[in-house]
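This report refers to the structure that appears directly beneath it.
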Ligand code: 2AM
């Protein structure tokens, strides 16, 4: 990464109650799968992943955030799962809520207009990473009490990679509604 760049993404950040419940779920999951647990300071749901952005363009990125006009919504996380290909264990909604998709689409539209490159997969798979380097193929899945996540704001996050994992810093914050 160049000196003048930052690794950035837009995300939803849970409130303390949801974060606490996900932290607990992650602990049970780690007992079953091993791996490294994401704790409350970095549990989040990525909306759009930008990757490395020139620092001089962050104001333009903030303008994209300013352009979003949507009401708050509720998202129910009711599933735990694991992806073999990247060894990520996660919590997610079993279907992508319409308002969440609308938020992702508004951000993507704004980013396209402002000529930002971003990770644009054909299917947006919303998830909250709970473990990295997990091996869940033989795991007994713990019970998971579904979580109602009230999304009333979104954030622009800078990721700083350290030896012990990434640390995240919100550098922009917008209310929904
Ligand atoms: P992950 O948790 O599934 O790895 C910070 O790295 C956030 O951006 C994480 O939520 C991560 O998802 C996501 N992320 C990292 N690289 C990405 C990529 N190439 N495309 C989409 N999301 C990515």
In the stretch 122-143, which residues are more than 10 Å from the ligand (Cβ to nearest atom), at pLDDT below 95 and either farther than 10 Å from residue 82 by Cα or surrounded by 14 or more Cβ atoms within 10 Å (Cβ to Cβ) (or both)? 122, 123, 138, 139, 140, 141, 142, 143
Exclusive hit being in contact with a strand residue (DSSP E or B) (Cβ under 8 Å, 6 or more places away or on another chain) and away from the ligand (no atom under 15 Å from the Cβ), set 119, 94: 94
For the stretch 38-48, check the following and say yes or no: at least one residue is in contact (Cβ under 8 Å) with a residue 12 or more places away in the chain, more than 14 Å from the ligand (Cβ to nearest atom) and outside any helix (DSSP H, G or I). yes
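Filter the stretch 144-177 down to the residues that are part of a loop (DSSP other than H, G, I, E, B), more than 30 Å from residue 56 (Cα to Cα) and touching a helix residue (DSSP H, G or I) at 6+ places or on another chain (Cβ under 8 Å) and list them by number. Spell out how you get there, then give the answer.
First pass over the stretch 144-177, keeping only residues part of a loop (DSSP other than H, G, I, E, B): 144-146, 152, 163-164, 176-177.
Going one step further and asking which of them are more than 30 Å from residue 56 (Cα to Cα), we end up with 144-146.
Within the stretch 144-177, 144, 145 meet the criteria.
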Give the stretch 147-165 a look and list any residue that's away from the ligand (no atom under 14 Å from the Cβ) and exposed (fewer than 13 other Cβ atoms within 10 Å of the Cβ), or say none. 148, 163, 164
Scanning the stretch 5-48 residue by residue, the ones that are modelled with pLDDT under 95 and either in contact with a strand residue (DSSP E or B) (Cβ under 8 Å, 6 or more places away or on another chain) or buried (at least 20 other Cβ atoms within 10 Å of the Cβ) (or both) total 2
Does residue 114 fit the bill of being in contact with a helix residue (DSSP H, G or I) (Cβ under 9 Å, 6 or more places away or on another chain) and more than 16 Å from the ligand (Cβ to nearest atom)? yes
The stretch 1-22, residues that are away from the ligand (no atom under 15 Å from the Cβ) and under 19 Å from the mean Cα position of the chain (by Cα): 15, 16, 17, 18, 20, 21
Would you be able to say whether some residue in the stretch 49-72 is surrounded by 15 or more Cβ atoms within 10 Å (Cβ to Cβ) and closer than 18 Å to residue 123 by Cβ? yes
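The values are calculated or read from the model by the stated rules, or taken from the named source; none is laboratory data. Keep in mind that this is a model prediction, so the values were computed, not measured. Positions of Cβ are backbone-derived with ideal geometry, glycine not excepted, and every protein chain shown enters the neighbour counts.
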